[in-house]
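**Q** So that we are looking at the same thing, I have put the structure below in structure tokens.
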Amino acid sequence: MKLYDIIKKLGLSCLLVIGAALWSHSAQAHTAMKWCTKWRSHYVDAGHGEDVFTSDSPYKRAAQYTRYKVSRTDTGQVIGSGYLDSSGCTPYLTATGGVEYKFSQGSLVYRSGVGLIYAHPDNNTWGPSAGYVYYNNYFTTLALVVDGHYTHTFEPNTLGPRTNVMPIIGKVLSKYSDLGYPTGKNTYIHTDCYPGRALATCCGDGGAYHIGGGYICMGPGDWGDGGEGGGEGSTYWKFILGHEIGHRVSSAHDGPYGFDYSIDDTNPQCNCDHVATGSQLHCMQSLENASVAEGEGFAHFFSSALFNNRSSSSGIFVYPKETWFYWPEDGWIEVPPERPFDLTQYTRWKEGVCGSYHDYRGVELDWLEFFWHAWTTADDYTRLTVPELMSVWDEADSSYWENLLAAAADLWLYTEPNKVLQFLDKGINAGVDHD
Ligand SMILES: [Zn+2]
């Protein structure tokens, strides 16, 4: 055999070996695919210095904990289903080459050990099946796939009330521990309310509100004519949805909650006569029954805790109604909706503006600042968690300060006195320490 022939033969056999190896590799025609997806969302009240979801333009955000299903388009065979991870991705699934897959994403989120939150579609049937599939994406694998691990991310363009709600409820599950979001309880958010559209469970007057039992109604369809969103529904205001989820959390813990919204203060800065955007029932700076000021203040706080990090040195809450601001040169100024409040301050609105100390009333802004500082600021004491804060209301006989402080003492005086001191210290600083 000539050398040339030997080389040629060796070369050929080498090629054959390589070819066989490639064939045996691709002959399976299987590979590991991970699919990720997003929700396009638009929050007109974003970008004021908060930490979470900071763009006020339409933006695609990871579909954290979203329900999904992956199936073959041709045979319908399901190769994976469940809930996406904290990055909005499936686990690696075994896929076949040259096949089109349908990837369905549903408008509900679930995290093991926490619970389910539904963003409800446009009908009055509550439940998992209604929100199961919101829309489908399609993906075709290469005809010849080599065994390996591949990731593909979908970029859906659909935008609307439900796609706005999805990243927010995914974030609630992602931060549930910091937020004190209750475990083992489901939350149902109706996203398509507008005035005059009463459904069986929701939307009676079109407002954005929590109706107990974990049900939240988002509307009206036309919130915020004065805001930069120019008439978008309340799901375009992330701090509103965060606030309603706050009521759900408070109610689950038997925390502060009030229904008697009577406000009769004649001081314009301490009533809501100036409010044109949203309800005049209550507002940020009005002098309200203590139980309402505490419940609404907590809901503002919860929204702040959702969109700011507990470890951050700053904290911003953006309010969707008109508010008052005192400017030394011009006197009182009415600030339009979408005003950012700097939570690192103590305003003491009741003490400084409303002036009546011992009237069993309170101001939402003061209570917002109380909860924020009690939750974030360690000082010499101990930061209180949301469940700890809620346990004070659960323990107390009434929503009056005297009873709240007594309840805090009952809970912690002999075991963790720093927690009582934290409650008292932040109460004095926020100016909520009055009956
Ligand atoms: Zn509220």
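Just so it is clear, none of the values below were taken in a lab; they were calculated from the coordinates. As the structure is a computational prediction, the values presented were derived from the model and not from experiment. All Cβ positions, even for glycine, are placed from backbone atoms using ideal geometry, and neighbour counts span all protein chains on display.
**Q** For the ranges 281-293, 248-260, 326-338, what's the packing order if you count other beta-carbon atoms within 10 Å of each residue, average per peptide, and put the highest first?
**A** Result, highest mean first: 281-293, 248-260, 326-338.
**Q** At a 10 angstrom cut-off on C-beta neighbours, averaged per residue, how do the peptides 61-71, 30-40, 140-150 rank from highest to lowest?
**A** Answer by packing, highest mean first, reads 61-71, 30-40, 140-150.
**Q** Report, ordered by chain and residue number, the aspartates and glutamates lying within cross-link reach of K102, taken as a straight Cα distance under 13 Å and ignoring same-chain residues fewer than 8 apart.
**A** D74
**Q** Report, in cubic angstrom per residue, the convex hull volume of the C-alpha atoms of segment 40-129. Please list the in-between numbers first.
**A** Numbers: hull volume 14.1 nm³, N = 90.
Taking the convex hull of the Cα positions in segment 40-129, it is 156 Å³ per residue.
**Q** Another question, then. Treating cross-link reach as a plain straight distance, find the aspartates and glutamates whose alpha-carbon is under 17 Å from the alpha-carbon of K185, omitting any fewer than eight places away in the same chain.
**A** E244, D254
**Q** Starting from 0.36 nm per residue, how many nanometres of slack lie between Y360 and I428 once their C-alpha separation is accounted for?
**A** Gain on stretching Y360 to I428: 22.9 nm.
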